[in-house]
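Peer 1: Provided herewith is a single structure, encoded as structure tokens, for subsequent inquiry.
The values are calculated or read from the model by the stated rules, or taken from the named source; none is laboratory data. Quick caveat: nothing in here was measured; it's all calculated off a predicted structure. Neighbour counts are summed over all protein chains in view; Cβ atoms, including those assigned to glycine, are modelled from backbone coordinates with ideal geometry.
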Amino acid sequence: MVKYFLYGFSSFLFLTNAYAGSQPESLAKIIYEKEIDLNQDRIKDKLVIEENTEGKRNLKILVEDSKKQWNTVIENRNMILCKDCGGVSTGDPLVSVEAKRNVFEITQEGGSRERWTSVYRFQYSPKLSTWILRKARLNVYDTVTGKNEIRRKSINSSKPVKLQDFNYDEFFYN
């Protein structure tokens, strides 16, 4: 588990690994942050989406320890698309992040001729002590032909997709 100290400058944060001294690990801008109980322990956690200087986005779940320091317990660098990855017509693909007790949902959209919307819902599993995929939907609408295609991926409960293993680029296209 990696511990971070947050040092704020305007809307940017230096994330410094607590074990590595004071050298900045990355320069990141927080684009979404919500405190909510995500792991059913009745203590607020943090759901954070950050963007580094190259525009890459990471989703993190942090929990607070007894010393009031936030610790990253899950990080996924392959879930949230960059702000320019939505296409020419749509811009930033990150449409919404909704979080409720032990569940969060990410909606992204983009495209030009073929407009697409993807929705992914993750829920905490006490049995596995991690967040697993509960819902996955991709809607593709062709603006020229009017064809609308909805793809839903069945979620196999015997082989769950864990948040830390989820890869947006591979999920619907494999």
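Peer 1: Would you pick out the residues in region 145-174 that are of a type in the set (Ser, Thr, Tyr) and exposed (fewer than 12 other Cβ atoms within 10 Å of the Cβ)?
Peer 2: Once the filter is applied, which keeps residues that are of a type in the set (Ser, Thr, Tyr) and exposed (fewer than 12 other Cβ atoms within 10 Å of the Cβ), region 145-174 yields THR145, SER154, SER157, SER158, TYR173.
Matching residues to (1) of a type outside the set (Gly, Ala, Ser); (2) outside any strand (DSSP E or B); (3) farther than 19 Å from ILE36 by Cβ; (4) at pLDDT 95 or above:
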| site | (1), (2), (3), (4) |
| --- | --- |
| SER89 | no, yes, yes, no |
| ASP92 | yes, yes, yes, no |
| VAL97 | yes, no, no, yes |
| PHE104 | yes, no, no, yes |
| ALA136 | no, no, yes, no |
| GLY146 | no, yes, yes, yes |
| SER154 | no, yes, yes, no |
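Peer 1: Within region 111-128, is there a residue that is in contact with a Cys (Cβ under 7 Å, 6 or more places away or on another chain) and closer than 20 Å to ARG57 by Cβ?
Peer 2: Looking for residues that are in contact with a Cys (Cβ under 7 Å, 6 or more places away or on another chain) and closer than 20 Å to ARG57 by Cβ, one finds none in region 111-128, hence no.
Peer 1: Hey, could you check region 112-134 for residues that are more than 30 Å from LYS44 (Cα to Cα) and not in a strand (DSSP E or B) and say which is nearest to the chain's Cα centre (by Cα)?
Peer 2: My answer is SER112.
Peer 1: Any idea which of LYS68, LYS83 is of a type outside the set (A, V, I, L, M, F, W, C), assigned to a loop (DSSP other than H, G, I, E, B) and more than 19 Å from ILE49 (Cβ to Cβ)?
Peer 2: Of the residues listed, the single one that is of a type outside the set (A, V, I, L, M, F, W, C), assigned to a loop (DSSP other than H, G, I, E, B) and more than 19 Å from ILE49 (Cβ to Cβ) is LYS68.
Peer 1: Now, a different point. What are the residues in region 90-103 that are touching a residue at least 24 places away in the same chain (Cβ under 8 Å) and surrounded by fewer than 18 Cβ atoms within 10 Å (Cβ to Cβ), if any?
Peer 2: Answer for region 90-103, where residues must be touching a residue at least 24 places away in the same chain (Cβ under 8 Å) and surrounded by fewer than 18 Cβ atoms within 10 Å (Cβ to Cβ): THR90, LYS100, ARG101, VAL103.
Peer 1: Closer than 30 Å to SER158 by Cα and either surrounded by fewer than 19 Cβ atoms within 10 Å (Cβ to Cβ) or free of Cβ contacts under 8 Å to residues at least 12 places away in the same chain (or both): does that describe LEU128?
Peer 2: yes
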